Amino acid sequence: MAAFHNDFVLRLDRAIARMGAVGGTLVLACVAVAAAILVHLGLKLFEGGPNPPLVWFNIVIRAVLVSVPLILYSRHVIALLRASRRALEEMTRRLEVAAEQAHQANRAKSAFLANMSHELRTPLNAILGFSEVMKDQHMGPLANARYLDYSRDIHDSGRYLLAIISDILDLSKIEAGKMSLDSAEEFSLAAAIEASLGMVESLADKFDVRLAAELPPPELRLIAVERMVRQVLINLVGNAIKFTPPGGMVMVSAAQTGDCCTVTVRDTGIGMNAQDIAHALMPFGQIENDMNARHAGTGLGLPLAKAMMELHGGTLTLASVPRQGTVAALTFPASRLAAHKAAAA
């Protein structure tokens, strides 16, 4: 019944709209006059009083004077609403097209980065291999000491470039949905933290930053891709070391909190404000500060760590106060805890 009523109203509205402003107003005014006369006639029949012709004339004039302005205003409002609806539909269509184009561009970007990373890795492996042979003098001593220094510089630069390409490739795979957790296995979280700290220990010594750790108990074990977990920890601890002034400290701790497991990296560095945190979590987002000149970077460490945590169903959250330090928290869900998995089984 409601559908029939709505359809009837729409058809009537279209028919009146086709008559134009003047024609539609005249038709609706006539309808209003007829309704007023019918109502007056019904009341007079009920009361039983006389109906002089002047009374009918007054009814018609009043109905026209009242209904015509209302009809004209209503038609104007309806026209505005129609125009707004058409504009909204057009805007919605354009937004859908723009969203689809942005999605396609993002996929194309991820595919391009992945392909380029593969193409760049092949010559880089040759650069790294030959420069390593030269710097280690496997085929005999180099006649000029400068060549030895150059070969070390080439090797270091190649390793740095390979690390950047690997980060880009991993981030592109995650964005394209091609990074899987098929190689996930059970491992000790304490051992993974110790191994990660060992990788950045020389960096802490270089910048005179003290590393400390509160390791979880050995029975706290995760089911995840250990390589990714170590990479996340190395990225976070490395960032904390780089942006902590000499004499500062970076503290790594881990514990099971309820059904989840949380790893915390706390530093006494320069800190960030809320806008800096949002910018730092964006790919290639680098914060301008006084310590940037000391360190080379591309702004991929934190976005990659965040993406890898989300791939595992976890989260990466940052809390920071300028000139007081930063706290990065990695939270693994219950499904990543080996004990929880065993209990569920």
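The values are calculated or read from the model by the stated rules, or taken from the named source; none is laboratory data. Remember, predicted model here, so these are calculated numbers, not experimental data. For neighbour counting, all protein chains shown are included, and Cβ atoms are generated from backbone atoms with ideal geometry for every residue, glycine included.
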**Request:** Only residues in region 174-203 that are touching a residue at least 60 places away in the same chain (Cβ under 8 Å) and within 18 Å of Cys260 (Cα to Cα) count as the first member; pair them with residues that are assigned to a strand (DSSP E or B) and charged (D, E, K, R), Cβ under 8 angstrom, at least 6 apart or cross-chain, and list the lot.
**Result:** Glu186/Arg221; Leu189/Arg221
**Asked** Of the residues Gly313, Gly247, which single one is surrounded by fewer than 16 Cβ atoms within 10 Å (Cβ to Cβ), outside any helix (DSSP H, G or I), modelled with pLDDT of 90 or more and touching a helix residue (DSSP H, G or I) at 6+ places or on another chain (Cβ under 7 Å)?
**Response** Gly313
**Prompt:** Of the residues that make up region 140-152, is at least one loosely packed, with under 15 Cβ neighbours inside 10 Å and under 31 Å from the mean Cα position of the chain (by Cα)?
**Reply:** no
**Item:** Residue under evaluation Leu302, criteria (1) at positive phi; (2) crowded, with 16+ Cβ neighbours inside 10 Å; (3) modelled with pLDDT under 90, criterion not met
**Value:** (1)
**Request:** Out of the residues in region 206-241 that are within 26 Å of the chain's Cα centre (by Cα), surrounded by fewer than 22 Cβ atoms within 10 Å (Cβ to Cβ) and of a type outside the set (Val, Ile, Thr), state the one that is nearest to Ser188 (Cα to Cα).
**Result:** Glu226
**Request:** Report whether or not Lys178 is charged (D, E, K, R) and either in contact with a helix residue (DSSP H, G or I) (Cβ under 6 Å, 6 or more places away or on another chain) or surrounded by 14 or more Cβ atoms within 10 Å (Cβ to Cβ) (or both).
**Result:** no
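Test Leu171 against the criterion of being in the same structural domain as Leu222 (by TED's automatic domain parsing), buried (at least 19 other Cβ atoms within 10 Å of the Cβ) and out of contact with any Ser or Thr (no Cβ under 8 Å at 6 or more places or on another chain), and give yes or no.
Working: in the same structural domain as Leu222 (by TED's automatic domain parsing): no; buried (at least 19 other Cβ atoms within 10 Å of the Cβ): yes; out of contact with any Ser or Thr (no Cβ under 8 Å at 6 or more places or on another chain): yes.
Judged against the criteria, Leu171 is not a match.
Please enumerate the residues belonging to region 148-180 that are assigned to a helix (DSSP H, G or I) and hydrophobic (A, V, I, L, M, F, W, C).
From region 148-180, those assigned to a helix (DSSP H, G or I) are 148-175; that's our starting set.
Leu148, Ile154, Leu161, Leu162, Ala163, Ile164, Ile165, Ile168, Leu169, Leu171, Ile174, listed by residue number.
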**Message:** Among the numbered criteria (1) free of Cβ contacts under 8 Å to residues at least 24 places away in the same chain; (2) touching a helix residue (DSSP H, G or I) at 6+ places or on another chain (Cβ under 6 Å); (3) within 21 Å of Pro303 (Cα to Cα), which one does Ile168 miss?
**Reply:** (1)
